[in-house]
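Coordinate-derived values only; no laboratory data. The shown structure was predicted, so the numbers you read here are calculated from the model rather than taken from an experiment. Please note: Cβ atoms are built from the backbone with ideal geometry, for glycine as well, and neighbour counts cover all protein chains shown.
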Amino acid sequence: MGFVKSLFKGAVVAKLAQVAQRELSKPENQRKAKEMFQKVQQRRNSR
């Protein structure tokens with residue numbers, strides 16, 4: 001039973017990674033991530 005459960009969890013994680021990879025390859029999501037990263041850097045530098 002534990003083997004099946006761990007196998008299932010591994011499959012879910014693999015699918016999640018696949019979806020994340022696909023979403024990050026989209027240009028509009030790359031732009032949003034870059035803007036968010038710059039915003040965080042600005043906040044950190046202003047302290």
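How many lysine pairs does the chain hold where the Cα atoms are under 30 Å apart and the two sit 8 or more places apart or on different chains?
9
Could you give the size of the charge dipole of the chain about its Cα centre, using +1 on the Cβ of each K and R and -1 on the Cβ of each D and E, expressed in debye and rounded to the nearest 20? Numbers along the way, then the final one.
Values: 12 positive and 3 negative charges, 46 e Å.
For this selection, approximately 220 debye.
Go through segment 2-16 residue by residue and turn each phi into a ³J(HN,Hα) via Karplus (6.51, -1.76, 1.60, θ = phi - 60°); whole Hz please, and just put x for glycine and proline.
Running phi through 6.51 cos²θ - 1.76 cosθ + 1.60 with θ = phi - 60° gives x, 5, 5, 5, 5, 5, 5, 4, x, 5, 5, 5, 4, 5, 4 Hz.
Any idea which of GLN42, ALA11, ASN29 is furthest toward the positive side of the dipole for the chain, if Lys and Arg beta-carbons carry +1 and Asp and Glu beta-carbons -1?
It is GLN42.
Subtract the Cα-Cα distance of ASN29 and LEU16 from 0.36 nm times their separation in residues, and report this length gain in nm to one decimal.
Working: separation 13, 0.36 × 13 = 4.68 nm, distance 1.64 nm.
Gain on stretching ASN29 to LEU16: 3.0 nm.
Taking the Cα atoms only, what angle lies between the long axis of helix 27-46 and the longest principal axis of the chain, rounded to 10 degrees?
60 degrees
Helix-derived [θ] at 222 nm for the chain: sum -39500 (n - 2.57) over DSSP H runs of at least 4, divide by residue count, nearest 500? Kindly include the intermediate steps, with their values, before the conclusion.
Details: 2 runs with 43 residues, N = 47.
That calculation yields -32000 deg cm²/dmol at 222 nm.
If you project the alpha carbons of the chain onto the principal axes, what extent comes out on each, in Å, largest first?
52, 27, 6
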